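Right, one structure below, let's go through it.
A short reminder: the numbers here are calculations on the coordinates, not readings from a lab. Not measured: the values here are computed from a predicted model. Cβ: placed from backbone, ideal geometry, glycine included. Neighbour counts: every protein chain shown.
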Amino acid sequence: MLESVRKAYDPKDCWSKVAKRLCGRSLFGRPRLDWPAAIRDFLREYAEFERDYGHVLKATYETVDDFLERLVYRLTLNDDLNQTERSAVLVALKKGTAMPSVHGERAKALLLKACFEMGRRRPTPPDILRRDPGMRMISVDDLLTYPLATPLPKSGRIESATACLMPEYHLAWANSIADREYSRAVHEVSLHYENLGRAFEEINARGPSSDVEREFWSKYKSMANTIR
């Protein structure tokens, strides 16, 4: 799986130096990929970029480790990672320590693909305020649903009914209006649900149990209508 991901990317399409170096098409005859070292090198490069130039993920204004945290939680919900692996990977993401051993090849491949995708899309700001759900962004859902050996489309349209369920679109709009509280709430709530529509339904049925859930619950519908 790891090799199929690596071979899917062309160094000419990447801005990331690490991605250019690791692309399968530039590695003919070289040893198999060292996954922990590859993820470590990507994270170091992106941390340096964010420190010197700002967010790599201009569409949602997430840090790279925040995006990967959402991906890691979804992989756990999908049983691609167990709870122990999730905790260890999150520590590595947040502290910049060595990536732990992960047994699931699919989980490792998806984390690698996410890093390649971030190194493939130029970190330039999209036109966030236009009413076009085809904003250039990377989504956790796309990573999980597209074939591993196929790069994600750099742009494309998505049904508004689907877009309004996706954390990425809520994060983009929240940051376009500088609503940091809602952005933080979307991130936290999205860690525990497959999509925001399901999160809202459950929280609405039982009532918010925290300030974060209350912030999300109070604004979700109006933000979803804006995205539509």
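Within straight-line reach of LYS154, meaning a Cα separation under 27 Å, sit the following lysines at least 8 residues removed in sequence or on another chain: LYS7, LYS12, LYS17, LYS20, LYS58, LYS108, LYS113.
Note on GLU105 and ASP52: the extension gain reaches 15.8 nm, defined as 0.36 nm multiplied by sequence separation minus the Cα-Cα distance.
Axis angle, to the nearest 10 degrees, between helix 211-227 and the longest C-alpha principal axis of the chain: 90 degrees.
Helical runs assigned H by DSSP (4 residues or longer) give the chain a calculated mean residue ellipticity at 222 nm of -17500 deg cm²/dmol, each run adding -39500 (n - 2.57) before division by the residue total. Only one of (1) 19.0; (2) 12.9; (3) 12.2 was calculated from the structure for mean projected area of the Cα convex hull in nm², and its label is (3). Rounded to the nearest 20, the Cβ-based charge dipole of the chain about its Cα centre (Lys and Arg +1, Asp and Glu -1) stands at 820 debye.
Short-range pairs are left out: with C-alpha atoms under 8 Å and at least six residues apart, the relative contact order of the chain is 21 percent.
Here VAL212, VAL189 are placed in order of increasing Cβ neighbour count within 10 Å, fewest first, which gives VAL212, VAL189. Each residue in ASP34, ASP80, ASP41 was given a count of other beta-carbon atoms within 10 angstrom of its own, and listing them fewest first yields ASP34, ASP41, ASP80.
Relative to the current alpha-carbon distance between ARG180 and ASP141, full extension at 0.36 nm per residue lengthens the span by 11.8 nm.
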